[in-house]
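Working notes, structure below.
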Amino acid sequence: MSDNIFFKKKNIKINKIYPGFTFKKNFLINDIKSLDKAKKNDITFFDSFNYVSLAARTQGSLCITTEKLKDLLPKNIEKVIVKNVLFELAKVVKIIYPNSEIDYPDLSLQKPIKKKFKNVKFGNNVLIGKYVKIGIGSIIGSGTIIENKVRIGKNCIIGENVILKNSIIGNNVVIQDNAKIGQKGFGFIPIKNKNIKFPHIGKVVIEDNVEIATSCTIDRGSIDDTVIGENTYLDNQVHIAHNVKLGSNCMIAGQVGFAGSSKIGNNVSIGGQAGISGHIKIGNNVKIGGGSGVVKDIKDNQIVMGYPAVPLKEFLKKK
């Protein structure tokens, strides 16, 4: 059964999605997952040679892919061959999760019921959605909105005018004023003269002891989740796009931007106004200078700077 708690899934069999195909088994779709997380009765997708190793080990029942990539998948997996994988995936997600394309307002919001949230302190004009869980010892600032099914751990400090949706927050987390977390990411597929919205069915996971400063924005994942590792600190106005995985014990200075699906290791420090391109990997113990533009992978224990970012010694030689 799907573990997606934030978006309602339709129970539908695979032949209803693809009535023109002949499948070995007409299975009830469990969920839509990335290659590495897909299990039996899940739909997955494979659109780039960058994910060959994951494709070879995927356990999903059906994969949306291309003619060039199909032979890199396990023989026992059903394959739907298309020209544009992400466009096809967007159509399938919309069918299975009909309300995932647009962030509809949470109309269940109401003032918190004190009996329900014992040992939690609330400021003025706080609004809480249905099925929200908040751990003991947490404090919620005035004007904050916590939408349906959000989970907040123990001893958290949530500032004023914060909006939380589609998120699971660990213990001892600090989120300062005006942060916006869990909204739909910036995902579009250009088709001829039209941009097609890509639905986002993932969530944001913020682990224990994280601090998020004023006016940060953290988008939820598209298919995977956006994750902020434990004991990581974000300065003001940091933007984290969908599917980003930010490791533990990281220090991110103000106005840094992470593009979608970038993966950042542990103990990474990034100076202010740096930009991290999408779908790249940054190793552990990396330091990135302020204002840098990271456009390719960085291995462990590197210090880089510049645009494009290069090793510090190389950068200094050019000065």
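Which lysines have a Cα less than 16 Å from the Cα of LYS24, not counting those fewer than 8 places away in the same chain?
LYS24 reaches LYS13, LYS16, LYS40, LYS75, LYS79.
Springs between alpha-carbon pairs under 10 angstrom, Gaussian network model over the chain: which of VAL126, VAL150, VAL205 fluctuates most?
With Cα springs under 10 Å in the chain, the top fluctuation among VAL126, VAL150, VAL205 is at VAL126.
Given the options LYS130, LYS16, LYS94, which has the most mean-square fluctuation in a GNM of the chain, springs set between C-alpha atoms less than 10 angstrom apart?
Looking only at LYS130, LYS16, LYS94, the biggest GNM fluctuation is shown by LYS16.
At what distance in nm do the modelled label points of LEU72 and LYS281 sit from each other, each positioned 7 Å from its Cα along Cα→Cβ?
Placing both labels 7 Å along Cα→Cβ, they lie 1.4 nm apart.
What percent of all Cα-Cα pairs in region 2-151 falls into each 10 Å bin, going from 0 up to the bin containing the maximum distance?
Over region 2-151, the share of Cα pairs per 10 Å bin runs 10, 32, 22, 16, 15, 5 percent.
Choose one of ASN161, ASN243, VAL82: the residue whose Cα lies farthest towards the positive end of the charge dipole of the chain (beta-carbon charges +1 Lys, Arg; -1 Asp, Glu; about the Cα centre).
Selected residue: VAL82.
Only bridges whose two residues both fall in region 188-267 count here: according to DSSP, what percent of them are antiparallel, nearest 5?
20
Averaging sequence separations of C-alpha pairs under 8 Å and six or more residues apart, then dividing by the length of region 14-96, give the relative contact order as a whole percent.
23
Which of the lysines could a cross-linker bridge to LYS299, judged by Cα under 26 Å and excluding same-chain residues fewer than eight apart?
Result set, ordered by chain and number: LYS37, LYS245, LYS263, LYS281, LYS287, LYS313, LYS317, LYS318, LYS319.
From the backbone phi of region 257-267, what are the Karplus-calculated ³J(HN,Hα) couplings (6.51 cos²θ - 1.76 cosθ + 1.60, θ = phi - 60°) in whole Hz, Gly and Pro given as x?
The phi angles translate into x, 10, 7, x, 6, 6, 10, 10, x, 8, 6 Hz.
Looking only at Cα atoms, what is the convex hull volume of the chain per residue, in Å³?
Per-residue hull volume (Cα only) is 144 Å³.
For TYR18, TYR51, TYR131, which order do you get if you count the other beta carbons within 10 Å of each Cβ and list the fewest first?
Ordered from fewest to most neighbouring Cβ atoms within 10 Å, TYR18, TYR51, TYR131 come out as TYR131, TYR18, TYR51.
When the helix-only estimate is applied to the chain (DSSP H runs of n ≥ 4, each -39,500 (n - 2.57), divided by the residue count), what is the mean residue ellipticity at 222 nm, nearest 500 deg cm²/dmol?
-2500 deg cm²/dmol
Given an 8 Å cut-off on Cα distances and at least 6 residues of separation, report the relative contact order of the chain as a percent.
Reported as a whole number, the value is 8 percent.
Build a GNM of the chain with springs between Cα atoms under 10 Å: which of PHE258, PHE21, PHE87 gets the top mean-square fluctuation?
Answer for the Gaussian network model of the chain: PHE21.
Sorted from fewest to most neighbouring beta carbons within 10 Å, what does the list LEU312, LEU234 look like?
Final ranking by Cβ density, sparse to dense: LEU312, LEU234.
Tell me the net charge near ILE264. Cut-off is 10 Å between Cβ atoms, ILE264 excluded, with +1 for each Lys or Arg and -1 for each Asp or Glu.
+3
Determine the equivalent ellipsoid of region 14-96 by diagonalising the alpha-carbon gyration tensor, then write out the semi-axes as square roots of 5 times the eigenvalues, largest first, rounded to whole Å.
So the equivalent ellipsoid measures 18, 14, 12 Å along its semi-axes.
For ASP224, list long-range residues whose amide hydrogen, built 1.01 Å from N in the peptide plane, is under 5 Å from its own amide hydrogen.
none
Report the relative contact order of region 76-181, percent, no decimals, based on alpha-carbon pairs under 8 angstrom and at least 6 residues apart.
Dividing the mean separation by the residue count of region 76-181 yields 17 percent.
Go through region 278-290 residue by residue and turn each phi into a ³J(HN,Hα) via Karplus (6.51, -1.76, 1.60, θ = phi - 60°); whole Hz please, and just put x for glycine and proline.
With the stated coefficients, region 278-290 comes to x, 6, 10, 10, 10, x, 7, 6, 8, 10, 10, x, x Hz.
A short reminder: the numbers here are calculations on the coordinates, not readings from a lab. Every value quoted in this text rests on a predicted model; they were computed, and no experiment measured them. Quick reminder, even Gly has a Cβ in these numbers, built from the backbone with ideal geometry, and neighbours come from all protein chains shown.
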